[in-house]
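Heads up, the thing below is written out as structure tokens.
Any read-out appearing in this document is the output of simple, stated calculations on the displayed coordinates, not a laboratory observation. Given the structure is predicted, the values throughout are model-derived calculations rather than measurements. Ideal geometry is used to build each Cβ from the backbone, glycine not excepted, and the neighbour counts take in all protein chains shown.
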Amino acid sequence: MSTREQWGSRRGFILATIGAAVGLGNIWRFSYVAGENGGAVFLFIYLVCILLVGLPLVIAELSLGRSAQGDAAAAYELADNGGFWRHLGWLGVAGSVLILSYYAVIAGWALKYFTGAAIGTLWTTAEAGYGAFFSTFIADGGEPVGWQAAMLALTTFTVAGGVQGGIERINRYLMPVLVVIIASLAAYAMSLPNAGAGVRFMFAPDWSAFAEPKVYVAALGQAFFSLGIGMAVFVTYGSYMPRNFSLATSATAIAFGDSLFAIVAGLAIFPAVFSFGVDPAAGPELAFITLPQVFLAMPGGKVIGTVFFLLLSAAAFTSMVALLEVPVSVAVQRLKLRRWTASGLVGGIVFVVGVPSALSFGTLSHIQIGRYGILDAIDAGVSNFLLPLGGILMALFVGWRVRQSVSLREADLTDSRFGIAWLWLLRILVPITILGILLQSASTL
């Protein structure tokens, strides 16, 4: 009988797993990627990617983890029984470490802004404009590293508390709060003058944009980044999942909750952006340069801004917890370390790996990888290549390598009409779609 930790309740599991998916990808990244790619057309393609690519892969990852009842690497080793595919789990573990290394840097920016907004310095020290304020901050030799360390310390402490006592407990309290915050921000934003233009931007498509290949690349990349596919998070969380939890239903709730959160976040941002005449295609600096200027101009904006950056920091934190749990789970099982020791060790390694990203706009700004700085290069490489590659291999492995009866049984789809459709999505549509996007991404380098 397995002695591996398990989730205390289905509600706690779903909240924790939605918390893993909901993060900077839903708020910071979704808003600027949607803004750069036409709004409504991007949203439509993104939702199709979630339904036809994201959801089947979430089911596959959860089923693989629950079947193995072990870390992400062990899940593939057990399922492949000594074959070539047994190495695939390490790709996801490496991806989670790489993502967390720079994700913690951006989360640190959010925590810096929240702290400054809460005590008032964010609103009084940016006299030269938020562009100069942000540029000066990220170019500093030490401050970004300090905020990165602070977010990783909070994450490490939570993961060290265990599955039920740390991860599940924090998400049971934090996720409902985040839902209330994002819904309140959206309601306020849509009450602003000319907010309807932002709503139309999100939901009234410019049909000509469907002919733009870059929109499809961006939409699939966002689906992977937002859901957390290919990072071994769902494999790891699935390994703590009891047999009496309906896997397919849980996976659908996770994908739906993550997508809904992104849409509501868009409704909290784009109506405000259009209300104050700001370019929605402002790029990655939308959250850290454009929106603070909007908050400062709107009635009650300082309070709204403080709440927004609290949301951004907290959402980043729940995703960081999930990302850190992937390598910590490996360290606990492989090295037989106590959870506190494993969490501290892995958290320290991730911090060291992430320092170059924290310094990539200042001390190390002279280092370029192609046309990217260090942080942007890691982001582009992981989001556009490593995660999609992991998605293709996962789909082929579960769809073709694992016996059909085993795949259906572990996904709780043996007696479901959706089961065979799910398998053929994994076997054919998912890999072909991702491969096409990968080739398009490579052609734009």
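The rule of thumb for compact globular proteins, 2.2 N^0.38 Å, goes into the C-alpha radius of gyration of segment 1-107 1.29 times. Quick one: in the chain, what % of C-alpha pairs are over 30 Å apart? Summing the P(r) of the chain above 30 Å gives 40 percent of all pairs.
The distance separating the Cα centre of segment 314-381 from that of segment 247-267 comes to 26 Å.
Straightening the chain between Phe210 and Ser416 buys 70.8 nm, computed as 0.36 nm per residue apart minus the Cα-Cα spacing.
Peptide packing for 172-179, 429-436 was compared via the average number of neighbouring C-beta atoms within 10 Å per residue; ordered from the highest value, the list is 429-436, 172-179.
In straight-distance terms, cross-link reach from Lys214 covers every one of the aspartates and glutamates whose alpha-carbon lies under 14 Å from its own, apart from those fewer than eight places away in the same chain; here that gives Glu36. Each of Lys336, Lys214, Lys112 was scored by other Cβ atoms within 10 Å of its Cβ. Arranged with the fewest first, they read Lys336, Lys214, Lys112.
Size of segment 329-445 from its Cα atoms: along the principal axes, largest to smallest, the extents are 58, 46, 18 Å.
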